[in-house]
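Undergrad: Attaching a single structure in structure tokens format; questions to follow.
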Amino acid sequence: MNGVRIASDGVLIAVDGVDADALVKAARAALESRSRGGISKWDASGVFQELAVAESAAGAPSPRTLLLLYAADLAFRLRWQIRPALLEGRAVVAAPYIDTAAAFGRAAGLPSVWLTNLFRFAPRPGERRFVHAARGRVRDVSGFIGFSCDRMAGANGNDTLRGRLINGTAAELRKAGRRR
């Protein structure tokens, strides 16, 4: 991990999926058998909270903007939560991690090469888990995916765009889960 020596029992566990509530539940389950560990959740830096209070005149952010903010938040999580815990030999569950954001980017039509380069800074997890939502379940999605889809759909609440992005992200995550 970029020359950082990790204690022998420190492990990074990635839990990815479209719904934040399901991710937290899966993250807790991943830690049940471990004596020391914690969960690193989306928006630990507060950057998305700031975006949430932006005036509507700011306009809808693009998928690239949302993913750049996600990468900035992930860099914050790595610096202040994940790497310190790993150095102490603890397990850390990142919920979500890279696969969720990359799946959203692919569903929004961004090039895979751009997505790969964007998240090149992040270390590989020791374990990967995927939380798959039931197909067509678009109304209850929260967390990064729900937030991003809501922002892209805009104030007019374009449910078609929102549903397409959520279902597209879920489909991309199912593919990623099969590849791993």
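Undergrad: So how far apart, in nm, are the two label points at ARG164 and ALA58 if each is 7 Å from Cα heading toward Cβ?
TA: Between ARG164 and ALA58, the label points sit 2.5 nm apart.
Undergrad: Determine the distance separating the Cα centre of the range 71-138 from the Cα centre of the range 38-60; give it in Å without decimals.
TA: Computed from Cα coordinates, the inter-centre distance equals 17 Å.
Undergrad: Give me the angle, in degrees from 0 to 90, between the Cα long axis of helix 63-77 and the longest principal axis of the Cα atoms of the chain, rounded to the nearest 10.
TA: That works out to roughly 20 degrees.
Undergrad: Between ASP21 and VAL47, what length comes free when the chain is fully extended (0.36 nm per residue of separation minus the Cα-Cα distance, one decimal in nm)?
TA: Gain on extension, ASP21 to VAL47, equals 7.4 nm.
Undergrad: Another question, then. As I understand it, the value is the acute angle between the Cα axis of helix 98-107 and the longest principal axis of the Cα atoms of the chain; what does it come to in degrees, rounded to 10?
TA: The angle comes out near 20 degrees.
Undergrad: Also: Would you mind calculating the relative contact order of the chain from Cα pairs under 8 angstrom and at least 6 residues apart, reporting the percent as a whole number? Could you put the intermediate results ahead of the total?
TA: Numbers: 277 pairs, mean separation 68.4, N = 180.
Normalised by residue count, the contact order of the chain is 38 percent.
Undergrad: Considering the chain as a Gaussian network with a 10 Å cut-off on Cα pairs, which listed residue, PHE76, PHE144, PHE104, attains the greatest mean-square fluctuation?
TA: Looking only at PHE76, PHE144, PHE104, the largest GNM fluctuation is found for PHE76.
Undergrad: In degrees, nearest 10, range 0 to 90: what is the angle between the Cα axis of helix 20-31 and the longest Cα principal axis of the chain?
TA: 10 degrees
Undergrad: For THR65 paired with SER35, estimate the spin-label separation in nm (one decimal), with each label point 7 Å from Cα along the Cα-to-Cβ line.
TA: 4.9 nm
Undergrad: Per residue, how much accessible surface does the range 1-136 expose to a 1.4 Å probe? Answer in Å², no decimals.
TA: Working: 6940 Å² over 136 residues.
On a per-residue basis, the range 1-136 sits at 51 Å².
Undergrad: The list (1) 27.3, 106; (2) 17.5, 53; (3) 16.0, 51 gives values of Rg and Dmax of the Cα atoms in Å, and only one came from this structure; which label was calculated from it?
TA: The calculated read-out lines up with (3).
Undergrad: A follow-up question, please. Would you mind telling me the share, in percent, of accessible area of the range 7-152 contributed by carbon and sulfur at probe 1.4 angstrom?
TA: Numbers: 3520 of 7010 Å².
In the range 7-152, the share of accessible area belonging to carbon and sulfur is 50 percent.
The values are calculated or read from the model by the stated rules, or taken from the named source; none is laboratory data. Given the structure is predicted, the values throughout are model-derived calculations rather than measurements. Counting neighbours? That spans all protein chains shown, and the Cβs are built from the backbone with ideal geometry, glycine included. We work out accessible area using only protein heavy atoms, side chains counted, and drop any ligands, DNA or RNA first. Shrake-Rupley method; radii C 1.70, N 1.55, O 1.52, S 1.80 Å.
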